[in-house]
Amino acid sequence: MRARYGVPLGIVAAGAAGLVYAAGFEARSFRLRRVTVPVLPPGMRPLRVLQVSDIHMVGGQRKKQRWLQSLAGLRPDFVINTGDNLSDPEGVPEVLDALGPLMEFPGAYVFGSNDYYGPKLRNPARYLLEKASGRHGLNGNAPAVGAIHNPWEDLRDGFDAAGWLNLTNTRGALKIEGVSIELTGLDDPHIKRDRYARVAGGPSESYDFSLAVVHAPYLRVLDAFTADAYPLILAGHTHGGQLCIPFYGALVTNCDLDTDRVKGLSTHTSEGRTSYLHVSAGCGTNRYTPVRFACPPEATLLTLVGRE
């Protein structure tokens, strides 16, 4: 009798069910993370900061748009957008519409690689290979060839018209009910657009509080911000690992950050100093891998309070 080999039907069914869940439910199961961070000078009133990241807008994502619009009901003191708003060259109007109510509040932004370039279909296993080789984005890989250029200028103009601060390798400042806040940002390290020399020197003494903003949390950037004594760094990019293993966590971060800090609040130490780091898991996915597993999409409301 000839032996017959095949994948057991139960495994196929379980895999299909997992894919349906990851694409049909969890990728659209938007959550709000709430975090308290003790970084303000003693006696300063708390500040409520809404961080949105990695929207990866594709045409027709109405539920995501409505959810983003609803976040204005949180009434944050200000908004930080940590990039990768686009996953569709035609997505700028929908991003601006989704963020319209939030742009009524003071805010600032940096861009990620997907704001500049359209995504490509790629084998998800490449993320594991890049992790093993220590090569991520353009940090060790060959330059992109034939990349689709997204209309990031239109996105920039929309944010700027609303009064949000463009933190592309520069500094900016907000004043919230008498509290002066310094913001220092970098362009995306994932595609080597960061220019830390332009913003080096640490927080200015003329502000009540300073924080740092970047899209991809590469270690060289975290080291620089921390050594310069920024008390808080906000980043995105990792998608929280996107496809995680229950009770284990993320397999990759898509940068050189360790998986223990792939999302949420942690700390980073450099040259004897320590900063708080918050990495948003983001609320979208690459249009070619529209799935999430054990890692729901999110935005974060950070409540900054006085240091102990």
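General remarks:
- Directionally averaged shadow of segment 242-281, computed from the convex hull of its alpha-carbon atoms, nm²: 3.2
- Label positions at residue 177 and residue 157, each projected 7 Å from the Cα along the C-beta direction, are separated by 3.6 nm.
- Between residue 208 and residue 265, the modelled labels are 2.0 nm apart [label points 7 Å from Cα along Cα→Cβ].
- In segment 136-232, GluC sites (Glu not before Pro) in a DSSP loop with at most 13 other beta-carbon atoms within 10 Å: 177, 205
- In percent, rounded to a whole number, the relative contact order of the chain is 27, using alpha-carbon pairs under 8 Å and six or more apart.
- Atom-type composition of the exposed protein surface of segment 135-186 places 54 percent of the accessible area on carbon and sulfur (1.4 angstrom probe).
- Sites matching trypsin sites (Lys or Arg not before Pro) across segment 167-228 that sit in DSSP coil, with at most 16 neighbouring C-beta atoms within 10 Å: 192, 195
- In this simple spin-label approximation, residue 97 and residue 229 carry label points 7 Å from Cα along the Cα→Cβ vector, and these lie 4.8 nm apart.
- Using the Cα coordinates of segment 124-267, the gyration tensor eigenvalues translate into equivalent-ellipsoid semi-axes of 28, 20, 15 Å, sorted from longest to shortest.
- MRE, 222 nm, helices only [DSSP H, n ≥ 4, -39500 (n - 2.57), over the chain, to nearest 500]: -5500 deg cm²/dmol
- Whole-Hz couplings from phi, Karplus 6.51/-1.76/1.60, listed for segment 76-92; x for Gly and Pro: x, 5, 7, 10, 10, 9, 9, x, 6, 6, 10, 9, 7, x, 9, x, 4
- Averaging 1/r over every pair of different alpha carbons in segment 46-149 and inverting the result gives a Kirkwood radius of 15.4 Å.
- Shown is the FRET efficiency for residue 135 and residue 32, computed with R0 = 25 Å from the Cβ-Cβ distance and rounded to the nearest 0.05: 0.15.
- Centre-to-centre, using Cα atoms only, segment 46-116 and segment 140-210 are separated by 15 Å.
- Net charge of neighbours whose Cβ lies under 13 Å from the Cβ of residue 164, counting Lys and Arg as +1 and Asp and Glu as -1: -2
The values are calculated or read from the model by the stated rules, or taken from the named source; none is laboratory data. Treat the numbers as computed from the prediction; the structure is a model and nothing was measured. Positions of Cβ are generated from backbone atoms using ideal geometry, with glycine treated the same way; all protein chains shown enter the neighbour counts. Just the protein is used for accessible areas: all its heavy atoms, side chains included, with ligands, DNA and RNA removed. Shrake-Rupley method; radii C 1.70, N 1.55, O 1.52, S 1.80 Å.
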